[in-house]
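*Asks:* Once you've had a glance at the structure underneath, I'll fire off some questions.
Please treat every number below as a calculation from the coordinates, not as lab data. Every value quoted in this text rests on a predicted model; they were computed, and no experiment measured them. With ideal geometry, Cβ positions are generated from the backbone for all residues, glycine too; neighbour counts draw on all protein chains shown.
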């Protein structure tokens, strides 16, 4: 009986030892990973950008068989609203990953302002050529040097202008309008160059200012205009695509590099797939049926607002599109800004972007 008990004791020790070897030596096991990975993003889950982040979380969990679990923190909650600090904090590893706008990265990486040069890109085709061409490669290299791994290109969309005073068809129409804009210096410069009075404030304060008539208008992509019901405050919208707001899915470089290759691959695939879904949400109804079909056929998703222009008009808004001549007037009016901002962005990157788009 003693021999049998001794045998059981040694057998139990062997099993425990073997289990420990398996847990700590085998790559890709749940014991190797955090219980939760923190992700920051600037908006809430009701925005297209937020919906893309949710899709990313779901796909990562699915593709890693539950080994990598990400928790999204909306409204830059981990940063107490200071979204412009997201790249630095992710680079330190305090936050693991982000689903964030290039605008929010531009204070740290001025190269991101290539997307904010006014009237430079203007359409989805040019944007895609840049992101998946030499421009996008160069941007990801800049991120790498800053301790970040760029995983995929999503977007917030081309930014449109709305106001309560008049339709905007020329630079003269902007003169004297007080507009709420993003706090990035290039946005302030652009609207000042066009004769407007730009002011930076958070959205809550902006809404109060709209209601009181202290601020006349604002600029944002469709993916923001619809959820915030901009027609409650403004009657006029100009769809001018003056600049675009890409979103990049990125991860702390040191942490990502330490993941097993199969986990890295799964996260990258999840990022790319979620970004495709999110881009289609932002572009739905603005690129014919292309994005609507992507959502329907690839993601079994039907848009609640399949035509944002008609929807805005149904709410009483006057939506204006610029003719080529009208757009050229804005291009000419903002040319002086290029002398200031191309050196900040980098002449080499600017030339890469022009080459990607086939511009002379």
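*Asks:* Taking segment 33-357, how much of its Cα-Cα pair set, in percent, is spaced more than 39 angstrom apart? Before the final figure, lay out each step's value.
*Replies:* Numbers: 5071 of 52650 pairs.
More than 39 Å apart: 10 percent of the Cα pairs in segment 33-357.
*Asks:* If R0 is 51 Å, what FRET efficiency do you get for residue 300 and residue 175 from their C-beta distance, rounded to 0.05? Please report the intermediate quantities before stating the final value.
*Replies:* Numbers: r = 48 Å, r/R0 = 0.94.
Approximately 0.60, to the nearest 0.05.
*Asks:* Most fluctuating residue of 149, 222, 108 in a GNM of the chain with Cα springs under 10 Å: which is it?
*Replies:* Greatest mean-square fluctuation among the candidates belongs to 108.
*Asks:* Provide the gained length on full extension for the span residue 203 to residue 137, in nm with one decimal, where the gain is 0.36 nm per separating residue minus the Cα-Cα distance.
*Replies:* Working: separation 66, 0.36 × 66 = 23.76 nm, distance 3.30 nm.
So the chain would gain 20.5 nm between residue 203 and residue 137.
*Asks:* Out of the DSSP beta bridges found with both residues in the chain, what percent are antiparallel (nearest 5)? Could the numbers behind the result be given before it?
*Replies:* Numbers: 22 of 38 bridges.
For the chain, the DSSP antiparallel bridge percentage is about 60.
*Asks:* What is segment 206-360 by shape, rounded, prolate or oblate, if you read a ≥ b ≥ c off the alpha carbon gyration tensor as root eigenvalues and call it rounded for a/c under 1.5, prolate for a/b larger than b/c, and oblate otherwise?
*Replies:* Values: a/c = 1.79, a/b = 1.23, b/c = 1.45.
Note, shape of segment 206-360 comes out oblate.
*Asks:* Right, another one. Whole Å is fine, so just give me how far the alpha carbon centre of segment 112-138 lies from that of segment 222-270.
*Replies:* What the calculation gives is 15 Å, centre to centre.
*Asks:* Sticking with this structure for a sec: Show that you can apply the helix-only estimate: for the chain, add -39,500 (n - 2.57) for every DSSP H stretch of four or more residues, divide by all residues, and state [θ] at 222 nm to the nearest 500.
*Replies:* Values: 17 runs with 176 residues, N = 360.
So the helix-based figure for the chain works out to -14500 deg cm²/dmol.
*Asks:* So between residue 324 and residue 94, what do we pick up on full extension, going 0.36 nm a residue minus the alpha carbon distance?
*Replies:* Stretched out fully, the residue 324 to residue 94 stretch lengthens by 78.1 nm.
*Asks:* Oh, and also: Applying 1/(1 + (r/R0)^6) with R0 = 45 Å to the Cβ-Cβ distance of residue 35 and residue 339, what FRET efficiency is obtained, to the nearest 0.05?
*Replies:* Numbers: r = 51 Å, r/R0 = 1.14.
E(calc), rounded to 0.05, equals 0.30.
*Asks:* From the square roots a ≥ b ≥ c of the eigenvalues of the alpha-carbon gyration tensor of segment 294-334, which class results: rounded (a/c under 1.5), prolate (a/b over b/c), or oblate? Intermediate values should be presented prior to the final figure.
*Replies:* On the way: a/c = 4.77, a/b = 1.87, b/c = 2.55.
It comes out oblate by the Cα gyration axes.
*Asks:* Can you tell me the orientation of helix 48-63 relative to the chain, as the angle in degrees between its alpha-carbon axis and the longest Cα principal axis, to the nearest 10?
*Replies:* 20 degrees
*Asks:* Highest mean first, what order results for 178-189, 259-270, 294-305 on Cβ atoms within 10 Å? Write out the running numbers ahead of the final one.
*Replies:* Values: 178-189: 19.7, 259-270: 17.8, 294-305: 13.6.
So the peptides 178-189, 259-270, 294-305, ranked by packing, come out 178-189, 259-270, 294-305.
*Asks:* Quick check: the angle from helix 347-357's long axis to the longest principal axis of the chain, C-alpha only, nearest 10 degrees?
*Replies:* Taking Cα atoms only, the helix is inclined about 80 degrees.
*Asks:* Pulled fully out, how much extra length does the chain show between residue 287 and residue 314, if you take 0.36 nm times their separation in residues and subtract their Cα-Cα distance?
*Replies:* On the way: separation 27, 0.36 × 27 = 9.72 nm, distance 1.98 nm.
Additional length available on full extension: 7.7 nm.
*Asks:* Hey, got the Cα dimensions of segment 176-295 along the principal axes, in Å, largest first?
*Replies:* 56, 37, 26
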